[in-house]
1. Residue by residue through segment 15-31, note down the ones that are farther than 13 Å from LEU52 by Cβ and in contact with a His (Cβ under 6 Å, 6 or more places away or on another chain).
2. Can you pull out every residue in segment 55-77 that is part of a loop (DSSP other than H, G, I, E, B), in contact (Cβ under 8 Å) with a residue 40 or more places away in the chain and either within 20 Å of ASP29 (Cα to Cα) or among the aliphatic types (A, V, I, L, M) (or both)?
3. Which is closer than 19 Å to ALA106 by Cα, touching a Phe, Trp or Tyr at 6+ places or on another chain (Cβ under 9 Å) and in a helix (DSSP H, G or I), of LEU48, LEU52?
4. With (1) at pLDDT 95 or above; (2) out of contact with any Asp or Glu (no Cβ under 8 Å at 6 or more places or on another chain); (3) surrounded by fewer than 16 Cβ atoms within 10 Å (Cβ to Cβ) as the list, and ALA92 as the residue in question, which single condition is left unmet?
5. For ASP109, state whether it is surrounded by fewer than 16 Cβ atoms within 10 Å (Cβ to Cβ), at pLDDT below 90 and within 15 Å of GLY17 (Cβ to Cβ).
6. Looking only at residues in segment 15-34 that are touching a residue at least 60 places away in the same chain (Cβ under 8 Å) and farther than 13 Å from CYS62 by Cβ, which one is surrounded by the most Cβ atoms within 10 Å (Cβ to Cβ)?
Amino acid sequence: MKIAVTYENGQIFQHFGHTEQFKIYDVQDGRIHNSEVVKTNGSGHGALAGMLSSLGVDVLICGGIGGGAQMALAQAGIKLYGGVCGDADKAAEAFVSGELRYDPDAKCDHHEHHHGEGHTCGDHGCGKHNCHK
């Protein structure tokens, strides 16, 4: 099994469609055997699900995620665990042990309105933005 986590500086990046990196974990026999950081090379919302699929990813752990990306992941057969914050390695380990806390209704719904000047989606952090519900 392969787990992908949206990734920035050891933490779960909070906006799927703007992530510049994923940390990919290889799981065998109920344990993480190795991991690597993979750059998205500027792929946007639509291309990220295809990229993860081509890497053989089975599970995605992320913060906020929009409805279109959720559908693309579902079509690619990738199971989504959204609304997760904090350390990426700890989240992957929690998933493997069956203890990951996530929000099955996590949605990023801020695309319908305008942000103030200087806002970037990756800056809102855990619990400071409405990407969690």
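The values are calculated or read from the model by the stated rules, or taken from the named source; none is laboratory data. Keep in mind the model is a prediction, meaning the values are calculated, not measured. As a convention, Cβ positions derive from the backbone with ideal geometry for all residues, glycine included, and neighbour counts pool all protein chains shown.
1. ASP26
2. LEU55, GLY56, VAL57, ASP58, ILE65
3. Residue meeting the stated conditions: LEU48.
4. Exception for ALA92: condition (3).
5. Yes; evaluated as a whole, the condition is true for this residue.
6. Looking at residues that are touching a residue at least 60 places away in the same chain (Cβ under 8 Å) and farther than 13 Å from CYS62 by Cβ, I get TYR25.
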